[in-house]
Amino acid sequence: MEQTFNHIKRHSLAHEVVQRLQKQISLGEYQCGQKLPSEPELMTHFGVGRSTIREAVRILANAGLVRVQQGTGTFVSSSTTISEPLPQRLKRAKAANLNEVRLLLELKIAEKAALYRQKKDIRQMEAFLRKRKEKALAGEFAECIAADIGFHTSIARASQNDVLADLYTTFADQLRQSFADIYVDTKAFLQTQAAHESLLQSIIRQEPKQAWKWAEKIALHQFENLP
């Protein structure tokens, strides 16, 4: 099967070659047991030197994705991908999948924030929510998205669970892009402003069940807007 490759930036070197080959293997472009192109072919396809290709193959072999047979070539031995950083993985996620995980995260974060929020957390959430409304009314799309994400991120920090907060912060950049892909203006943000205010009040009053309910309502609203 003939493959189409694009030259990569030279500063990316072996790591970028690994990522490209890993993706092709995981997508089934190279099947288990199939032989990879020769070193000279890979050098030409990727526009890198022999040492870069050998380093990339070594990384793939150590990860168990390929096996090198001296005098014969390099063969795919597994379609299981190498673990990749979460931010990078999220860039490949579909909007629906991203929102499923977002839903799970935001429900738990809201519940825990209602239990453990502090005064400084409340002040921060209130500030972001005011800005969200102001920017939505003004039709300032990018600023509205930033305020929305800031509001939810401040809820994550208010949960007093560093792991949950770190996870949500990691999701934030991809959520920003997801919003930009789904919405064309601030209309949807105005539609959910009241629900966001109710979420905040339930957190202030330390009502975890109500916080869960409002977080669920907000997250499900976005599912309805998926293309």
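The values are calculated or read from the model by the stated rules, or taken from the named source; none is laboratory data. What you are looking at is a predicted structure, and each value in this text was computed from that prediction instead of being measured. Every residue, glycine as well, gets a Cβ built from its backbone with ideal geometry; the counts of neighbours run over all protein chains shown.
For A147, are the conditions met, namely being buried (at least 18 other Cβ atoms within 10 Å of the Cβ), in contact (Cβ under 8 Å) with a residue 60 or more places away in the chain and either of a type in the set (G, A, S) or not assigned by TED's automatic domain parsing to the domain that holds L105 (or both)?
The answer is no for A147.
Under the condition of being exposed (fewer than 15 other Cβ atoms within 10 Å of the Cβ) and modelled with pLDDT under 90, which residue from the stretch 27-46 is farthest from T74 (Cα to Cα)?
Once the filter is applied, the top-ranked residue is L27.
Collect the residues in the stretch 53-99 that are surrounded by 15 or more Cβ atoms within 10 Å (Cβ to Cβ), part of a helix (DSSP H, G or I) and modelled with pLDDT under 90, keeping them in residue-number order.
The answer is E55, A56, I59, L60, L90, A95, L98, N99.
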